[in-house]
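The values are calculated or read from the model by the stated rules, or taken from the named source; none is laboratory data. Computed from a predicted structure; not experimentally measured. Here the Cβ positions follow ideal geometry from the backbone for every residue, glycine too, while neighbour counts run over all protein chains shown. Each accessible area value is taken on the protein alone, full model and side chains, heavy atoms only, with ligands, DNA and RNA left out. Shrake-Rupley method; radii C 1.70, N 1.55, O 1.52, S 1.80 Å.
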Amino acid sequence: MSRREEAARPRVTVVGSGSWGTTFGKILADGGARVTMWARRPELALEISEAKRNSRYLPGINLPRQMTATASLEEALAGAEQIYLSVPSQALRENLATIRPLVAGSDVPLVSLMKGVERESGLRMSQVIEQELDCDPMRIAVASGPNLALEIAKEQPTAAVIASQSQETADAVARRARNLYFRSFVNTDVIGTEFGGVLKNLIAVAIGIVDGVGYGENTKASIITRGLVEMTDFAVAQGAHPETLQGLAGLGDLIATCQSPLSRNNTAGRLLGQGFSFQDVVKQMQQTAEGLASVAPILTLARESGVGMPIVEQVKMVLDGAMNPKDIAPHLTTDDDTPQGERTQNGSGDGGGAFWRSFQRALDQLRHGGRGAPGA
Ligand SMILES: NC(=O)c1ccc[n+]([C@@H]2O[C@H](COP(=O)([O-])OP(=O)(O)OC[C@H]3O[C@@H](n4cnc5c(N)ncnc54)[C@H](O)[C@@H]3O)[C@@H](O)[C@H]2O)c1
Ligand SMILES: O=P(O)(O)OC[C@H](O)CO
């Protein structure tokens, strides 16, 4: 490729060079973009730029030639047409404070790749971005789905969803974030897409716990299925569309995270189930397990909106050392004497309707060449 062609490639920036930031950088580069990564540690920036490796977070993966990295945020952000954010959720606000003066006056899309809520405020990452950068929410997008970094870095075929209140922003980001092994769908349900990613982490911790205890597939399938009900009830109460929770960002991610030993949330749960204390688990985890910090703020939001989350409540009790991990399973839904209906607690009786609408939406997507129907 000539220098001229190289320079004509769209330029994008990824802030955060952990496993997901680096993998997403590879997705974008393999999709044709010139990618600049921002890494906190200069030695990691050097390794990405010179050796085209990130040996700590993505061992054995060769990164594309058109990916470079710097430890200077100013350098990383200069000239970016899209900015992707992938630091641990609890560190986003402090990083945005540094980013703010560097993007003042810019209107480029800002894309959250994160799957946590802020511990103190319970805010989703797109809300923190909007607040801290004081920017138009139509510029903000979020990416979510069954996206275990190492599998994608090995170029195993995967789908994701890009959500933005603005269809135009979602489309622009999805066009950039795709290649031969990665496919981005779009929707406009930011709340559902973000909460799908946050909530499946909590259910994955529960699955890890029962795995660690030694329970088998019936227990896990029961928790996954009832977990999806909790996720849907919670997200809908916050304003999400129920269909989103049946899609890639909900059910899709729930399956991937609950099944995979690569999942950090699942791993953290397994250690808890094996009898390690919360403090020991935090010490042992080398990477970000967002679920651990999201449990308390999610339960606060659930209580405020009158949604019951018995599985997540039990995860909190195990984290607090107030419940023996072995006791997590028998109380799958409720422990009162009245048999409970299987449908969502919202009592809308709309389970069939939600299923039908997701089926209809899948058909619409096929008709529109993989995109959501206009206004979907
Ligand atoms: N790894 C995955 O498979 C995956 C997939 C989808 C989404 N996510 C989400 O992506 C986000 C990032 O996760 P990850 O997997 O890349 O985590 P990671 O633990 O692999 O990497 C985190 C990165 O953030 C850096 N970091 C830590 N504290 C920081 C701070 N205060 N300021 C700036 N940088 C800091 C670390 O040095 C590291 O480079 C999380 O919200 C996670 O849920 C991860
Ligand atoms: O490793 P986890 O548990 O953070 O999960 C990674 C991704 O969110 C899976 O989609």
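The table below lists the values:
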| read-out | value |
| --- | --- |
| Cα gyration tensor category, rounded, prolate or oblate, for segment 86-209 with a/c compared to 1.5 | oblate |
| Unsatisfied cross-links (Cα-Cα over 18 Å) in the set Lys200/Lys283; Lys26/Lys283; Lys115/Lys200; Lys52/Lys154 | Lys200/Lys283; Lys26/Lys283 |
| 0 to 90° range, to nearest 10: angle between helix 190-213 axis and the chain longest Cα axis | 60 |
| For the chain, accessible area per residue (1.4 Å probe, heavy atoms of protein chains only), Å² | 44 |
| Prolate/oblate/rounded call for segment 3-188, Cα gyration tensor, a/c under 1.5 rounded | rounded |
| Rg/Rh (Cα only; Kirkwood hydrodynamic radius) as it applies to the chain | 0.97 |
| Spatially proximal aspartates and glutamates relative to Lys326 (Cα-Cα < 13 Å; intrachain offsets below 8 disregarded) | Asp211 |
| ³J(HN,Hα) computed for each position of segment 274-288 - Karplus, 6.51 cos²θ - 1.76 cosθ + 1.60, integer Hz, glycine/proline x | 7, x, 6, 7, 3, 4, 5, 5, 4, 5, 6, 6, 8, 10, 6 |
| Normalised alpha carbon radius of gyration of segment 192-359 [divisor 2.2 N^0.38 Å] | 0.98 |
| Spherically averaged projected area in nm², based on the convex hull that wraps the Cα atoms of segment 249-308 | 5.0 |
| Long-range amide H partners of Asn187 with built H, under 5 Å | Ile162, Ala163, Ser164 |
| Beta bridges per DSSP with both ends in the chain, % antiparallel, nearest 5 | 15 |
| Estimated vicinal HN-Hα couplings, Hz - segment 115-121 in sequence order (Karplus 6.51, -1.76, 1.60; Gly, Pro = x) | 10, x, 10, 6, 4, 6, 9 |
| Percent accessible area from carbon and sulfur atoms, the chain, protein chains only, probe 1.4 Å | 50 |
| Among Val35, Val173, Val282: highest mean-square fluctuation, GNM of the chain, C-alpha pairs under 10 Å | Val282 |
| At R0 = 51 Å, FRET efficiency that the Cβ-Cβ distance of Asp337 and Gln259 yields, to 0.05 | 0.90 |
